[in-house]
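Only one structure is covered here, and it is reproduced in the block below.
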């Protein structure tokens, strides 16, 4: 069977996206998904996303990490599939879609896509680390000279600590100076990615919650480009959280399975 795919990237976070409204793609074939995401022998991507019909909303998003297994919310992947749905004319500029953690709103403004996150009600600390679940579990580590850190080495070391290893955690390294720089080691990819949307949200809120910044509209510089996080805080609860950044269609192709 020949299946068409669209390759998208959002600030360097890249995804294979499949229009599967006819339910032809086997979402349980983790070996196939892993092989498609593999960069030397496959198409190459940080993850694979399937778009399916939903009874109440514009569409349903099913997200897989490059290890082939379904995962928690992907912020940049969500922004990519929103752009894809708009390309398919199955949604307008105001979108509502179902992800693994529930319904999300989204909007499109030219090549920038914004998605709304669930409220964040709990923030934990582990020594110097800040732990936030922004749809996916994140550890935020505030550092100096983030460009000089071996993210694959240091990220893997933290991610594979016994207390984090079984469930997995994404590890963000944040430099807060004149600008806010972010680099992320992603579980499921098991390496640094050029950008991470849920990581940007977790990091922005971690900086605000720690009193290191006072703004509630925060720009972060990832290796793949700039992301913006906007939120409101009330009695320690973070709500009306929006992630915004650019999205680009890279190319369209086919594979046989």
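A few notes on this one:
- Residues 40, 118 arranged by fewest to most Cβ contacts within 10 Å: 40, 118
- With neighbour counts taken as other beta-carbon atoms within 10 Å, the residues 184, 193, 72 rank, fewest first, as 72, 193, 184.
- Nitroxide proxy distance, nm - points 7 Å out along Cα→Cβ at residue 239 and residue 257: 4.0 nm
- Here the range 123-246 carries DSSP beta bridges of which approximately 80% are antiparallel, counting only pairs with both residues inside.
- Residue separation of residue 178 and residue 250 scaled by 0.36 nm, minus their Cα-Cα distance, works out to 22.7 nm of gained length.
- Taking a ≥ b ≥ c as the square roots of the eigenvalues of the alpha-carbon gyration tensor, the range 157-257 is classed oblate because a/c is 1.5 or more while a/b is no larger than b/c.
- Calculated [θ] (222 nm, deg cm²/dmol) that DSSP helices of n ≥ 4 give over the chain, each run adding -39,500 (n - 2.57): -5000 deg cm²/dmol
- Comparing 239, 60, 39 in a Gaussian network model of the chain (Cα springs below 10 Å), the most mobile by mean-square fluctuation is 39.
- In this label model, residue 88 and residue 148 are separated by 4.8 nm, measuring between points 7 Å along each Cα→Cβ vector.
- Cα gyration tensor, the range 49-134 - rounded (a/c under 1.5), prolate or oblate: prolate
- Mean-square fluctuations from a GNM of the chain, with a 10 angstrom spring cutoff on Cα atoms, peak among 174, 123, 62 at 123.
- The length gained by stretching the chain between residue 213 and residue 21 to full extension, at 0.36 nm per residue less their Cα-Cα distance, is 64.8 nm.
- Label-point gap, in nm, between residue 160 and residue 4 - each point 7 angstrom along Cα→Cβ: 4.2 nm
- Taking the range 1-146 and dividing mean pair separation by its residue count, relative contact order in percent (alpha carbons under 8 Å, at least six apart): 16 percent
A short reminder: the numbers here are calculations on the coordinates, not readings from a lab. As the structure is a computational prediction, the values presented were derived from the model and not from experiment. Glycine gets a Cβ as well: all are built from the backbone with ideal geometry, and neighbour counts include every protein chain shown.
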